[in-house]
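A short write-up of the structure that comes next.
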Amino acid sequence: MVVGKIKKFKGIYVSTLTPFDENLEVDYKTIEAQIDFVIGKGIHGIVTCGVNGEFSSLTLSERKKIIKVSVNAAKDRIPVIAGAYSNSYKESIELVEYAEANGATAAILTTPFFFRKPSEEGLYSYFSKILEKVKKFPIFLCNVPIYSLIDLSINLVENLTMKYKNIVGIKDLSGITDSILGYAGAFEELSVLVGSDRMVYNGLNAGCDGAVSAIANIMPEYLLKIYDTYKKGNTDQAWIEQEAVIGIRSLMKRFPSRSAQKFIFAKISGRESFVRPPLRNLKAEERENLLIIMGEHGLKIESEITI
């Protein structure tokens, strides 16, 4: 996919999980089933090897294979944005080039995340080293200050987009409304996606094109309701739908996030999935409590797919 052949990225995207088997090896069969599941529910696109996908626990070769498996599983039905996050610009280049060669729709980069307050000049140089090598492939920039401790400033994005025309979008995981408003207001030509389940309505209201969701791995219909209802002009109902998702998030926050998502998806797929250290799996008591809490709130999770 090259710039000029795609329209804006819109709708609800899933930041897909990376399932691991009992030996903590990547479970590629479950990745394929998961992508089929969310596509069947109507999801508009996926982001693979992202924060929710535990990219920092993966080897470079694993990330490449996940990107390839994800693209093949999507079968051109929805866009696939490949995560190319790295502290090493050379590794990011390798991942972006691999994503392009294997049919991904776009790649996503973020600020390097193990440096103490690098200068904006240094950050510009970091992104430029990558973008000089991949001038035709669509690129998203990701603002994720909770992990990188660095904000992707509007000034930096402006300077980059002036030179590199293959920057097509921004994903914002700050969870701050002013940040979302800033990006959406400053970059109307880019696709701006909010990266927080609890901020989908705020993002759309600020002019964003959609959202990248974690909960959509297991409850895609809840996120799609917000988007579809808002786009139909029923903003009051869309806020009610958003409040429902905020409630679900508050329930999930009682447990380790990715472990809880994987446990619930195991109920959907019939295939258990684990996390890699330093994350931990749910304890037996937590699993039981999670099911009880979800049941009390009318959140029924049933087996829907066979792997």
Legend entry - Residue among S86, G53, A214 farthest towards the positive dipole end of the chain, charges placed on Cβ: S86
Inset, instruction - Name the aspartates and glutamates eligible as straight-distance cross-link partners of K29: C-alpha to C-alpha under 18 Å, and not fewer than 8 places from it in the same chain. - result: D21, E54, E62, E272, E304
Legend entry - FRET efficiency for S61 and K135, using Cβ-Cβ distance with R0 set to 30 Å, rounded to 0.05: 0.70
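Report D for region 147-271 in µm² per second (integer): Stokes-Einstein, Kirkwood Rh on Cα pairs, 37 °C, 0.692 mPa s.
209
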Legend entry - Cross-link partners of K135 among aspartates and glutamates (Cα-Cα below 15 Å; sequence separation of 8 or more within a chain): E94, E97, E100
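Convex hull volume of the Cα atoms in region 34-186, per residue, in Å³?
115
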Legend entry - Two-decimal ratio, region 109-151, of alpha-carbon radius of gyration to 2.2 N^0.38 Å: 1.18
Legend entry - Most fluctuating residue given options G103, G53, G122, as computed from a GNM of the chain linking Cα atoms under 10 Å: G122
Legend entry - Simple spin-label estimate for K232 and E296 in nanometres, 7 Å along Cα-Cβ: 3.2
Inset, instruction - For helix 28-41, report the angle its Cα long axis makes with the longest principal axis of the Cα atoms of the chain; keep it between 0 and 90° and round to the nearest 10°. - result: 90
Legend entry - Cα-only Debye scattering, the chain: base-10 log of I(q)/I(0) at q = 0.07, 0.09, 0.12, 0.16 Å⁻¹: -0.25, -0.41, -0.76, -1.39
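Scanning the chain for GluC sites (Glu not before Pro) in DSSP loops with at most 14 other Cβ atoms within 10 Å, what's the longest stretch left with none?
Segment 190-301 is the longest.
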Legend entry - Within region 39-151: Cβ-based charge dipole about Cα centre, in debye rounded to nearest 20 (Lys, Arg +1; Asp, Glu -1): 300
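Every number in this text was worked out from the coordinates using simple rules, so none of it is lab data. Just so we're clear, the structure is a prediction, and the values are computed from it rather than from any experiment. Cβ atoms come from the backbone with ideal geometry, glycine included; neighbour counts cover every protein chain shown.
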